[in-house]
Amino acid sequence: MELAERIAKYAVKLKYEDLGEHDVHAAKRVMIDTFGCAVNAAKEPPIAMAMKSIDYRDGKKASVSTILGTERTTSPQLAAFINGGMARYLDYNDDYDAKEFSHPSDNIMPILAVAEAEKKSGKEIILAVVLAYQIQCSLADSAALWRNGWDHVNYGLVSVAAAASKLMGLGEKQTAEAINIALSSSLSLRQVRAGRISMWKAFAFSNAARNAVFAAGLAKNGVEGPSPVFEGEMGFFKEVSGKFSLSMPDHKFKINDTTFKFYPVEMRAQSAVSCALDIRKKLHDASSISSIESILIKTTEGGYKILGSDRMKWAPKNKETADHSLPYVVASALVDGTVTAESYSSGKLNDKNRLALMRKTKVVIAKEFTAKDVHIEANEVIVRMKDGTILSSMCRHPKGHPMNPMSDLEIETKFFSLVKKHLKRDAAETVLEMLWSFQNIKRIDRLFSVLRFW
């Protein structure tokens, strides 16, 4: 059986009754976290720019989806694109670190866009979210794409195509065709996350999702795609990933293995921020920052490649590059005692104290981190003071990692801190209550109506 057919069979077979209470609870946790990120970023410049490219539809038409925060409706494909961009913009949504890095909650907004158009219930949405996590994370376990210059969002073509097909009620053959169409036609280069990182970082997955939702719609109406898309003569295995085998165990769902972000920085920088904050506590006072002689950051191979191997990471000119820069986020943590969304303002990016610390910073690969466990998002920060004092801190599992999890209360606190930018407290509490009881929702129209602030 071809791999696309195997994935399709798994998707069609999976039922809500297969999920345990902890799986449903995990799905609600990631949805709360994702909505918080999306609401906060809804009016950011790249989102506003992209909104100008959207064709709107009359909300009375059958297949429409809501643009988060507004009364406007559009096609499910374009809602997946815009709302997905909102969820991703802050680089604050969850992470799954395996052979390939990914942010599986990127699937959530596309799933909601399709579910609204298809008038699906909370249970059906939760099932689709768990399914998408299972597929994308299992693919990430199987083969690295970044080493060959391909981006992780290519796995999202498969997960969103399968989840959208599930919500559209497609059978195995149509679901396989949706995967064939999506994966063969919309591949993304890793350049999205290299050098000076652009606004497109927020949209790379949501664009893949847009194409995957469109592919599912095409398959629903009988369009067939190239096959075998994985194993073929010019297929995904040969041209992109290399050959791999895929395991998607029943009743052991990957949604429980995601890492929540405690800081709005790239995942491999989370523990570096924790280390820097720990060192800051050991300094006599804030003025001691000027007495730092050098900073050494020891990181994983992935951390070095993505966050500390090119010169742009020492001279970030925009948010997208800065939140992917180990020198920048460590310097920010040392200077300010925290890293927040405000850490990427123009004033902060040009702050002389940060720039001075970054010039004193070196990033190296620590083989003891990389060789032992590809799932470790480890960093060690070593600060040498001018008087010869050495201050160091090492962290393997940052707050939010499955080995160091955030509590429900901490996720709620993060949610409230994010949405207060656009929602009043009573509206935020209503949204949170709806998300915690999401399995009881018959349709999600009311959720989007509460989330209007434009």
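Say we look at the stretch 326-353 and pick out the residues that are without any contact (Cβ under 8 Å) to a residue 40 or more places away in the chain and part of a loop (DSSP other than H, G, I, E, B); which of these is nearest to LEU283 (Cα to Cα)? Residue satisfying both the conditions and the ranking: ASP351. The set of residues in the stretch 156-193 being closer than 22 Å to ILE125 by Cα and of a type in the set (S, T, N, Q) consists of SER159, SER165, GLN174, THR175. Just one residue in the set LEU157, LEU131, LEU183 is in contact with a Lys or Arg (Cβ under 9 Å, 6 or more places away or on another chain) and under 20 Å from ALA219 (Cβ atoms); that residue is LEU131.
Just checking, does the stretch 370-384 include any residue being among the charged types (D, E, K, R), outside any loop (DSSP other than H, G, I, E, B) and surrounded by fewer than 16 Cβ atoms within 10 Å (Cβ to Cβ)? Looking through the stretch 370-384, none of the residues is among the charged types (D, E, K, R), outside any loop (DSSP other than H, G, I, E, B) and surrounded by fewer than 16 Cβ atoms within 10 Å (Cβ to Cβ).
Report, by residue number, each residue of the stretch 273-292 that is in a helix (DSSP H, G or I) and modelled with pLDDT under 85.
ALA286, SER287, SER288
Within the stretch 269-289, the only residue that satisfies the criterion of being touching a residue at least 24 places away in the same chain (Cβ under 8 Å), of a type in the set (S, T, N, Q) and farther than 26 Å from ASP94 by Cβ is SER288. Listed by first and then second residue, the pairs linking a residue in the stretch 193-204 that is of a type in the set (Phe, Trp, Tyr) to a residue that is surrounded by 16 or more Cβ atoms within 10 Å (Cβ to Cβ), with Cβ atoms under 8 Å apart and 6 or more places separating them unless they lie on different chains, are TRP200/VAL192; PHE203/PRO46; PHE203/ALA50; PHE203/PHE81; PHE203/GLY84; PHE203/GLY85; PHE203/ARG88. Here GLY302 clears all of (1) at pLDDT 95 or above; (2) not assigned by TED's automatic domain parsing to the domain that holds LYS99 except the condition numbered (1).
Taking first residues from the stretch 304-320 that are under 13 Å from ILE197 (Cβ atoms) and partners that are at pLDDT below 95 and surrounded by fewer than 20 Cβ atoms within 10 Å (Cβ to Cβ), the Cβ contacts under 6 Å between residues at least 6 apart in sequence or on separate chains come to ASP310/GLY195; MET312/GLY195; MET312/ARG196. Whether a residue is modelled with pLDDT of 95 or more, within 21 Å of ILE297 (Cα to Cα) and among the β-branched types (Val, Ile, Thr) was assessed, and VAL383 passes this test.
Of the residues GLY171, GLY195, the single one that is closer than 30 Å to SER325 by Cβ and surrounded by fewer than 17 Cβ atoms within 10 Å (Cβ to Cβ) is GLY195. Kindly establish whether HIS422 is in a loop (DSSP other than H, G, I, E, B), buried (at least 20 other Cβ atoms within 10 Å of the Cβ) and in contact with a strand residue (DSSP E or B) (Cβ under 9 Å, 6 or more places away or on another chain). So HIS422 fails the test. Quick one: is TYR304 within 19 Å of the chain's Cα centre (by Cα) and over 15 Å from ILE289 (Cα atoms)? It is false that TYR304 is within 19 Å of the chain's Cα centre (by Cα) and over 15 Å from ILE289 (Cα atoms).
Can you name every one of the helices (runs of 4 or more DSSP H) wholly within the stretch 38-148 that holds 3 or more residues which are among the β-branched types (Val, Ile, Thr)?
Here the list reads 108-118, 122-142.
The values are calculated or read from the model by the stated rules, or taken from the named source; none is laboratory data. Every value quoted in this text rests on a predicted model; they were computed, and no experiment measured them. Glycine also receives a Cβ, built like all others from the backbone with ideal geometry; neighbour counts cover every protein chain displayed.
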